[in-house]
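Written out below as structure tokens is the structure these notes cover.
The values are calculated or read from the model by the stated rules, or taken from the named source; none is laboratory data. In this text, all values refer to a predicted model and were calculated from it rather than measured experimentally. Cβ placement follows ideal geometry from the backbone for every residue including glycine, while neighbour counts extend to all protein chains displayed. The area values use the complete protein model at the heavy-atom level, side chains included, leaving out ligands, DNA and RNA. Shrake-Rupley method; radii C 1.70, N 1.55, O 1.52, S 1.80 Å.
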4 protein chains.
Amino acid sequence: MSVLRVGVAGAGRAGALHARNLALVPGAELACLIDADPDGAAQLAHECGGVPVFATLADAAASGLDAIVIGAPTFAHHELAVGAAQAGLHVFCEKPMALTVAECDEMISAHEAAATVLQLGFVRRFRTEFTEAARRIAAGDIGEPMVVKSLTRGPGLPPAWAHELERSNGMLAEVNSHDFDCVAWLAGSPIERVYAETANFKGADRGVEAKDFYDNAVVSLRLASGAIGTIDGTCPADYGYDARAEVLGSEGLLVIGEVAGMSLLEARDRETGTVRPISRTWPERFGEAYREELAEFVAAIGERRAPAVGGAEGRAAVAAVRAANRSWLEGRPVAVAEES
Amino acid sequence: MSVLRVGVAGAGRAGALHARNLALVPGAELACLIDADPDGAAQLAHECGGVPVFATLADAAASGLDAIVIGAPTFAHHELAVGAAQAGLHVFCEKPMALTVAECDEMISAHEAAATVLQLGFVRRFRTEFTEAARRIAAGDIGEPMVVKSLTRGPGLPPAWAHELERSNGMLAEVNSHDFDCVAWLAGSPIERVYAETANFKGADRGVEAKDFYDNAVVSLRLASGAIGTIDGTCPADYGYDARAEVLGSEGLLVIGEVAGMSLLEARDRETGTVRPISRTWPERFGEAYREELAEFVAAIGERRAPAVGGAEGRAAVAAVRAANRSWLEGRPVAVAEES
Amino acid sequence: MSVLRVGVAGAGRAGALHARNLALVPGAELACLIDADPDGAAQLAHECGGVPVFATLADAAASGLDAIVIGAPTFAHHELAVGAAQAGLHVFCEKPMALTVAECDEMISAHEAAATVLQLGFVRRFRTEFTEAARRIAAGDIGEPMVVKSLTRGPGLPPAWAHELERSNGMLAEVNSHDFDCVAWLAGSPIERVYAETANFKGADRGVEAKDFYDNAVVSLRLASGAIGTIDGTCPADYGYDARAEVLGSEGLLVIGEVAGMSLLEARDRETGTVRPISRTWPERFGEAYREELAEFVAAIGERRAPAVGGAEGRAAVAAVRAANRSWLEGRPVAVAEES
Amino acid sequence: MSVLRVGVAGAGRAGALHARNLALVPGAELACLIDADPDGAAQLAHECGGVPVFATLADAAASGLDAIVIGAPTFAHHELAVGAAQAGLHVFCEKPMALTVAECDEMISAHEAAATVLQLGFVRRFRTEFTEAARRIAAGDIGEPMVVKSLTRGPGLPPAWAHELERSNGMLAEVNSHDFDCVAWLAGSPIERVYAETANFKGADRGVEAKDFYDNAVVSLRLASGAIGTIDGTCPADYGYDARAEVLGSEGLLVIGEVAGMSLLEARDRETGTVRPISRTWPERFGEAYREELAEFVAAIGERRAPAVGGAEGRAAVAAVRAANRSWLEGRPVAVAEES
């Protein structure tokens, strides 16, 4: 198999992570960066062996590409993904998939028409404690899922465009998309109804003036299977990056992840107690899984098959996130179907 | 100080626990049992040194008592607590306090009028990891509470009367009263609005035919302080008794409790992995705290002061539980004030 | 059964703990304190309800006693325990049992002659994770013990008399007696040969000038069963009180205890990580077990039977400790029989 | 930099792991396998892209190589490593380095003469919880190391040649080489004196007839710095692969690793309790570190510098292991200098 030439669109944190990881994935190589601000991407390009930087997808495609990884802001996903499909390029798209369900539908159609791979960046599906939990649930080890809970908290404010609900769908999209996907994946059933409460505790202190900004949310869930659940999110949460889930089935419980990270315990004084490191960032929390998902992308392309997680899953998460936003704005439970 | 003579009303699981614990609490002694079914209480009475069993509170009071512990079913709390006040007896009342807020109000008034102690059995307020968390929150260690979560799951069906919503307020009352109290206590703010989803996964299999029975619930919360949160409950949950809470403040996180119980790890084969015991029951999970709360009761009586947790807290939990039940029945968020 | 009148000999930390705990043990009451420095014991006596303080065992016995708890320094154990037996008093004796095996033998003989109970304060035998481990090993859950490890570390220098090897047998006696007992108990086999290495890291800084003082030790063990093991001790270890054990059997592993104490996790900043409290002192680590061992003492007396742990176990630990001290002094493995 | 052509000598478990990992290490590629039994290596060669298999190092070198990874049995290390140096090839050598200190000296000399890299496969030096611990110790976070402990246990009997002490130095070499290296590395001081006890619990049942076979060992240690410590090993230990260490310094404790592996907790019935997966094998326990150590090898070659861990460390571990074997055979503490 020849080596796939992959461009990375967006030279921010997610794009940079994927660009670096491509060097560790057999069968693929980083061919170029694509960024509307080529100067801003120059440092990353240099670090990655001096790959070229293009300002547009069209220019990049013209240089000879097989696929792109989309790490750009959410509002740019739709145009990039559809354009790539039209250029015959496979797409690995970071979450959230897009701003609206209609955008998602167009992205899915474009890739179906082009017979190209469209994979979504739901990285937890490649992280060992999550995949092993999913395997056990599918095998019936804990019976029928009754209650499914998932949370994500991360340090640092999201980028400014993500403060605006209109341009980003807010924290539930930027941070909790993973949870909406996880719940449906682990429970084996789509989310049908959501009710959300939100709070804004730190926005003012940190200079966020965007209308409808929130930095905390809890969401109640009802699934098609009859299972119920919760999602909660907080960002910024200065204590670190925290991603945990819990599935209670009719015959058992699975608790996925823990707050502490590295298995190293320190004790220096008895007033403090024992101390263990925490994952400071999402790359630290999910490191290897970011390589695994790219390896899956390469494999799906090579085997001309659907990837492990694709457009349908990305669309479902966008619909559920939008329903949750509507819920707290309107103060009522909202059926996900209202957004689908 | 002379030794308090205490009667225990209700010879079921909770009553038996308190009756036995009275022997371990300096300053108090078990004087009698009170049970509408004296024969059923005979074994416990024998085990507790041959104390007498009375069929009514009046008979017990006539034998010479200072206080009673109410471990009877919820629907009997109001009559016992009011009767005790009228007889000048201090009352330690198991949760939930009563079936309605009106009942709670009458219980509170009766004890205020009699100047007797009315303590509620919110045992988590006496359990070390909960009290230390509360102390730290009050000290400002984690800043302002933003998200507060609490869950309880227990093995075994509740008694038959507790299957009926009308006679018990259901699982949210019987099992999750502790969580409603904990959230408000830890956050330092009352619950203002609730939204609940429920599910019934095991009722039919286990022969429960009661209308409106549910064995799983998740509740979204909004507190007066602006904090948000969740409560979830499952009963029966065959894997053991599980009570955990989590408070995320503006400056830090506290995670209270863990699934595993005793600090003993076993590993026998590498396919299974490592195994740690779990608390099988609530007495195992909170053992010492059940003695601590009785010691507080004795101390409050001796010092003629209000107990650490009393009627106001019991009433608040009843109101929030009833609002949560109304929420899922009516499919909408419900202000706790609607029930207060 | 009438209430046992118990005197506590030694008003230091251990004595004070036992004196306070007697109030929580049904069937016993603190009758007096016995201390060569009655003024020093006055505060404790006052706190414990104003019990009298006697300067000698003889005076105390004359006041009417059933039993004594020996919490005095090790070098005083022999005289107190033998004297108590001669006065017909049951004895609960803190570890280490005595300074020499010969002393232990005389204590055992005196109580055999008097038909009085002689219980040793090996408190781990009453702590739930240790007793459950012992139960499982005895039940064959992990097969035949192959490797047994036990450690104890504690904050704070021991009292000055315990710095001198001659008067105390040193840290291996004062701190690690528990481990020597635990290993033999858990493995179900006596220790036959020991080899010790010691180190003195903090003595000079903390003003200890005693010859042969050490504040760290590791001991290799060979048991009669063929099992091998290690014991290690450090005191002072400023990070808290730490007591853990590990038994590897032919069919499985048991890990007993953990460094972290209370099940409360705090995370405030991502550079630090997650923090859990630690047991600051031995009463914190083993709290309830100190009451359980007194309850066993009361029960053994009432039932006229041998206690769960007695003179033979105390003697075995003294012999093994002395063999370990000889080992590092002479730089060779030492058979425990050389000290027995 | 051109891509390094690397041959892997020995197609057993360790060799296969390294051969597969070479595909994930930028800057290197698997060029061939070297195995005295080329047919036995054919399957692995096929799986690794059809690389050639050579029966001798000379044949492999003639095909054009830059470096070799030695995964062959210990008794073959010396000849391979010296031959490679003479052929101008860099060497990554699995532990234990060789059978004798004399062999180690010749390997070191040969690579010094050839100015080639000689790296040892002490994989723990590349595993995050170990490296972070080492970093903290070096930074003085826990003061001066006083007690250092390290253990390794693994499932399954070692290969037959490793049952014989003469051909392998036994379990202390095959399994615990890592611990001997870790202790010296973490403490920042060489091991000076050892005392070992061993036991053979399963050999007979599993058909091992080799003289001097042992499957359990505990070793007491004294280091040049004055620190003391222990190492223990058990193989086979059917419960999984277990590698943990503990360093107690004058100002704090570090506990490295834990028995449980993946952060996934399952609870299904309250009699069993909570269950967490364990690392079944050493590749599972140290997975990513096996790639990291190869990346370091590539980097050291590229930068013409000494690797992070080399011949001196390998030699020190061989000397300490041999001293430990002599200790239990002769029943006395042995200075490592006796073997150096």
For residue C:29, place a label point 7 Å from Cα along the Cα-to-Cβ direction in every copy; what are the distances to the other copies, in nm, shortest first?
1.0, 9.1, 9.1
Relative contact order (%) - criterion: Cα under 8 Å, at least six apart; region: chain A:
19
As I understand it, the value is the acute angle between the Cα axis of helix A:38-47 and the longest principal axis of the Cα atoms of chain A; what does it come to in degrees, rounded to 10?
90
Can you list, bin by bin at 10 Å, the percent of alpha carbon pairs in region B:1-71, starting at 0?
24, 60, 15, 0
Taking one equal scatterer on every alpha-carbon of region B:83-168, how large is log10 of I(q)/I(0) by Debye at q = 0.18, 0.21, 0.25, 0.26 1/Å?
-1.03, -1.07, -1.15, -1.19
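Rolling a 1.4 Å sphere over the protein heavy atoms, what is the accessible area per residue of region C:1-150, to the nearest Å²?
On the way: 5580 Å² over 150 residues.
Averaged over the residues of region C:1-150, the accessible area is 37 Å².
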Residue order for D:215, D:59 - accessible surface, 1.4 angstrom probe, largest first
D:59, D:215
May I ask for the Kirkwood hydrodynamic radius of chain A, worked out over all distinct Cα pairs and given in angstroms to one decimal?
20.6
On average over all directions, what projected area in square nanometres does region A:190-316 have, based on the convex hull of its Cα atoms?
12.8
Distribution output for region A:271-340: share of Cα-Cα pairs per 5 Å bin in percent, first bin at 0, values 3, 13, 12, 10, 12, 13, 14, 10, 7, 3, 1, 0
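Past the 24 Å Cα-Cα mark, which pairs from D:95/D:149; C:149/D:202; C:95/D:149; A:202/B:149; C:149/D:95; C:149/C:211? Don't skip to the answer; put the middle values down first.
Values: D:95/D:149 20 Å; C:149/D:202 20 Å; C:95/D:149 27 Å; A:202/B:149 20 Å; C:149/D:95 27 Å; C:149/C:211 28 Å.
Pairs exceeding 24 Å: C:95/D:149; C:149/D:95; C:149/C:211.
With runs of 4+ DSSP H residues as the only contributors, calculate the mean residue ellipticity of the protein assembly as shown at 222 nm using -39,500 (n - 2.57) per run, divided by the residue total and rounded to the nearest 500.
Numbers: 44 runs with 480 residues, N = 1360.
After summing the helix terms and dividing by the residues of the protein assembly as shown, the value is -10500 deg cm²/dmol.
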Put simply, what bits of region A:14-48 lose 30 Å² or more of accessible area when the other protein chains are there, versus the chain on its own (1.4 Å probe)?
A:24, A:26
In chain C, what percentage of the DSSP-assigned beta bridges are antiparallel, given to the nearest 5?
55
For region C:109-258, what's the radius of gyration and Dmax over Cα atoms, in angstrom?
16.6, 48
Taking only protein heavy atoms into account and a 1.4 Å probe, give the accessible area per residue of region A:183-242 in Å².
29
Residue A:281's amide H: which non-local residues (gap 5+, or another chain) put their own amide H closer than 5 Å, with H modeled 1.01 Å from N in plane and none for Pro or chain starts?
A:241
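Rounded to a whole number of µm²/s, how large is the Stokes-Einstein D of region A:133-199 at 10 °C and 1.306 mPa s, given Rh as the Kirkwood radius over C-alpha pairs? Intermediate values should be presented prior to the final figure.
Numbers: Rh = 13.8 Å.
D, rounded to a whole number, is 115 µm²/s.
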What are the ³J(HN,Hα) values, in whole Hz, obtained from phi via the Karplus relation 6.51 cos²θ - 1.76 cosθ + 1.60 with θ = phi - 60°, for each residue of region D:2-12 in sequence order, with x given for Gly and Pro?
6, 7, 6, 9, 10, x, 10, 9, x, 9, x
Partner chain coverage, peptide B:132-139 - average Cβ within 10 angstrom:
1
Using every pair of alpha-carbon atoms in the protein assembly as shown, split the distances into 20 Å bins beginning at 0 and state the percent of pairs per bin, rounded to integers.
10, 33, 36, 18, 3, 0
Between copies, how close do the residue C:105 label points come, placed 7 Å along Cα→Cβ, listed in nm from shortest?
5.3, 8.1, 9.6
Counting only other chains, and only Cβ atoms inside 10 Å, what mean value do you get across the residues of B:147-156?
3
Measuring label to label, 7 Å along Cα→Cβ, what does residue D:59 give against each other copy in nm, shortest first?
5.5, 9.5, 9.9
Loss of accessible area when A meets B, both sides summed, Å² nearest 100, probe 1.4 Å
3200
Ignoring any ligand, DNA or RNA, what whole percent of the accessible area of the protein assembly as shown comes from carbon and sulfur when the probe is 1.4 angstrom?
49
With the convex hull built on the alpha-carbon atoms of region D:1-132, volume per residue in Å³ sits at 117
Please give the Cα centre distance for region A:167-212 versus region B:96-168, rounded to the nearest Å.
30
Taking every residue of A:221-229, the Cβ atoms of other protein chains inside 10 Å of its Cβ average out to 4
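Restricting things to alpha carbons, find the Rg to Rh ratio for region A:190-253 using the Kirkwood radius for Rh.
Values: Rg = 15.1 Å, Rh = 13.9 Å.
Rg/Rh for region A:190-253 comes to 1.09.
Using Cα pairs under 8 angstrom and six or more residues apart, how large is the relative contact order of region C:218-340, in percent? Could the numbers behind the result be given before it?
Working: 104 pairs, mean separation 16.4, N = 123.
Reported relative contact order: 13 percent.
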